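Reviewing the structure listed below.
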Amino acid sequence: MRLELTRGADYAIRTTICLAREGRGQLIPAPAIAERMDVPRRFLPQIMQDLVRAGLVEGSPGRGGGYRLTRLPDEVSLLEVIEAVEGDVRRRTCVLRSDACSPTRKCGVHDMFAAAQDALLDQFARATVEDASRASAAEVGAA
């Protein structure tokens, strides 16, 4: 079993970290975000569109434009960022079968898998963009 973020979720988290760390309410141009956070420029427009649509980021087009968070970094959970690009991330398909488990027809690992999924999502819901920004700054400082 692999527990990893999709490329889109990874880039969205990196983007919001950049806005939290360097934006502080100021507009950050998309090319600067891409360069500073090693996000391919071709992916950034879709990521930004998803974050804007979710209300997490606002953008200003044109010369001197850019993006900024709409809320303080400690008010935005990583789960919100992930779901902005991925939608609802709860697994609906049974681990053992190709269809969904139902209350009357659960597979043998349903409850264990559901508990693990709930714990992971709870962790992402508690972690904020500010937490991730601080952790990544500490990592960069230690390198």
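The values are calculated or read from the model by the stated rules, or taken from the named source; none is laboratory data. Not measured: the values here are computed from a predicted model. All Cβ positions, glycine included, derive from the backbone under ideal geometry; neighbour counts span all protein chains shown. Remember, those area values only see protein heavy atoms, side chains included, never the ligands or the DNA or RNA. Shrake-Rupley method; radii C 1.70, N 1.55, O 1.52, S 1.80 Å.
See the values below:
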read-out	value
Scope the stretch 33-54; condition assigned to a helix (DSSP H, G or I) and surrounded by 15 or more Cβ atoms within 10 Å (Cβ to Cβ); matching residues	I33, A34, R36, M37, L44, I47, M48, D50, L51, V52
Selection from the stretch 1-32 of residues that are in a loop (DSSP other than H, G, I, E, B) and either charged (D, E, K, R) or over 12 Å from the mean Cα position of the chain (by Cα) (or both)	M1, R2, L3, E4, R24, G25, Q26, L27, P29
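Okay, residues lined up against (1) over 15 Å from D131 (Cβ atoms); (2) open to solvent by 20 Å² or more (accessible area, probe 1.4 Å); (3) touching a residue at least 40 places away in the same chain (Cβ under 8 Å):
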position: T16; (1), (2), (3): no, no, yes
position: L19; (1), (2), (3): no, no, yes
position: G25; (1), (2), (3): yes, yes, yes
position: L56; (1), (2), (3): yes, no, yes
position: Y67; (1), (2), (3): yes, yes, yes
position: I82; (1), (2), (3): no, no, yes
